[in-house]
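Encoded as structure tokens, the structure appears first; notes follow it.
Bear in mind that the values in this text are calculations on the coordinates, not laboratory data. This is a predicted model, so every value here is computed, not measured. Because the Cβ atoms are built from the backbone with ideal geometry, glycine has one as well, and the counts that use them run over all protein chains shown.
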Amino acid sequence: MSQFIPESLLPYLPDTIQIIYLIATFFFIRGLKLLNSPATARKGNQLAALGMFIGIVVTLFDQQIISFEWIIAGILIGGLIGAVLAKKVAMTAMPELVAVFNGFGGGASALVAWGEFSRLVDPTTMTPDSLVTTGLGIFIGSLTFTGSFIAFGKLKGFISGNAITFPGLNIINIGSMIAVLVLIAFFTFDPTNQTIFWVILGLSLLIGITSVIPIGGADMPVVISLLNSYSGLAASMAGFVIGNNLLIIAGALVGAAGLILTQIMCKAMNRSLANVIFGAFGGDSGGSAGGDAGDKTVRETSAEDLAIQVAYASKVVIAPGYGLAVAQAQHVLKEVAMKLEERGVQVKYGIHPVAGRMPGHMNVLLAEADVPYDQLLDMDQINPEFKSTDVVLIIGANDVVNPVAKTEPGSPIYGMPILNVDEAKRTVVFKRSLSPGYAGIDNPLFYDEKNQMFFGDAKKSLQALNEALNDV
Amino acid sequence: MSTLIFSLFIFVLACFIGFELISKVPPTLHTPLMSGANAISGITIVGALIVAGHSGVDSQLSQIIGFVAIIFASINVVGGFMVTDRMLEMFKKKGDEK
């Protein structure tokens, strides 16, 4: 659109664009800052969106851009798809959606690096610097692209959530990564060699698949966070390729965000990142169902009995897990909580960092059911409170309250920080059966003498409890 | 100082800002943070615009690549910001109007 600018002002255009990019950067940083508090977060997101809008509009004035058909068509098509996905998605499917968006972001960055390379008729005129970043951009972007779609498939159940692996896969993966890096070095010396270019692209796409396939379903929160970080890095690399600071900065911010979330998730599961990537742990079928369950007894409770217990408690903590959301029981849970509060019972929610299927997922699911966010306490906040809690309702959660994480050094989840529900006076587990959870580990909490089991579908059980509360 | 080194400085400093900004985000907001950050990574659309909008005799391939890149990045940007807004709209404090 630079043709609309008067001739006399054209020399100032490049600098003006850069200054406006600086303003967009300001909006991104300010937006992320506002995301630090639930009260201002929405404004923060809108500010970041405004920054993006400014960045896009001002780019259209770049003198290199002279045809607009492709641009308009692309934005319309992509924007429409994105808007529909964003409107339609169920909150439970948020991890899948973020994985898909990640994939498209990474893919776009790889394409930008490739497109920039291919539009220069003679690649030998490119400096080694920009050739290296082109190679890296294609590498990171492509592996984010395929990796994200594999993660999507795993979350959606198209691909088995089990850790799919075979001996030597890790060595193949590491070998391929080294091979790509070596090829990028060759590419820098001989950018005219088409074969090298295609092998880099192909291998990168392949690495995305083979490095996510062996990761178990339970570790998907870590993988999504990591892929989020990669999509930021890929954008940064694309920024290096086209020499654009806005891309470099925005990409770096996202890369840092993803890395922090990855760390938090790893810590919440007491796993190192290397262990998640190479460990192949956890599945969705629970192969090692505890064989010693038969000789232990559990105490069962009923809706009426439980209604009396909670109605006369002074403090009730709810420990929700993903099972709650699967059963779509958040809304009736909220009703139960409201009834208890009307009776003067103090109700809080204790949220484990991996309660959902991505960082903070459970909070969003409860927010959807109008649970106020100041009632949602994270693990460090709620753990000191269990000693003074009368009843803990554990709904659809299992591994995150499993005491073997503290007691059995041999257990795969040993060392994972958990919600210390066993410190409360009484616990009630809402569950269909005694089957082990996502990680496939038996839970001795079920057999604890302070614990009662409320068998059945979480939603039906809560509905029964809700009705029983009317009669107390 | 080469452009690469200059860009590296910017990159590293931006990483530090990112760490500082995000390490304080409470767990309640981690999902919106991730989807919001994800939308920001769609900034690569700026690069896609330049690749697709550049016209020339031999640029057919790069225009098509740029076109696909714009579609991908637009999905990321529009979808990411919209879904984040949808989530954040639901976050309410006790006593807030519904």
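So how far apart, in nm, are the two label points at A:Phe166 and A:Lys460 if each is 7 Å from Cα heading toward Cβ?
With each label point 7 Å from Cα toward Cβ, the separation is 4.3 nm.
Mind scanning A:Lys267/A:Lys450; A:Lys267/B:Lys92; A:Lys267/A:Lys406 and naming the pairs with a C-alpha gap bigger than 19 Å?
A:Lys267/A:Lys450; A:Lys267/B:Lys92
Please report, in whole Å³, the volume per residue of the convex hull around the C-alpha atoms of chain A.
It comes to 153 Å³ per residue, whole-number rounded.
Could you check the spin-label model distance between A:Ser388 and A:His331? Points 7 Å from the Cα along Cα→Cβ, value in nm.
With each label placed 7 Å out from Cα toward Cβ, I get 3.5 nm.
How large is the convex hull of the C-alpha atoms of the stretch A:140-215 per residue, in Å³?
77
For A:Val84 and A:Glu304, what does the FRET efficiency come to when R0 = 35 Å and r is the distance between their Cβ atoms, rounded to the nearest 0.05?
Once the sixth-power term is evaluated, E becomes 0.15.
Mind checking the alpha-carbon convex hull of the stretch A:325-472 and giving the volume per residue in Å³?
Hull volume over Cα atoms, normalised by residue count, gives 113 Å³.
Taking a point 7 angstrom from the Cα of B:Lys93 along the C-beta vector, which residues in the stretch A:17-57 have backbone N less than 15 Å away?
Under cut-off, by backbone N: A:36-43.
Would you mind giving the three semi-axes, in whole Å and largest first, of the ellipsoid equivalent to chain B according to its Cα gyration tensor?
34, 22, 7
Sticking with the crude label model, points 7 Å out along Cα→Cβ, report the distance from B:Val12 to A:Ser8 in nm, one decimal please.
4.5
Taking a 26 Å limit on the Cα-Cα distance, which of the listed pairs A:Lys431/B:Lys94; A:Lys425/B:Lys93; A:Lys87/A:Lys334; A:Lys43/A:Lys459 fall beyond it?
Correct reply: A:Lys431/B:Lys94; A:Lys425/B:Lys93; A:Lys43/A:Lys459.
How crowded by other chains is A:223-233, given as the mean number of beta carbons from other chains within 10 Å of each beta carbon?
Rounded to a whole number, the mean comes out at 3.
Report Rg(Cα)/(2.2 N^0.38 Å) for the stretch A:81-207, keeping two decimals.
1.23
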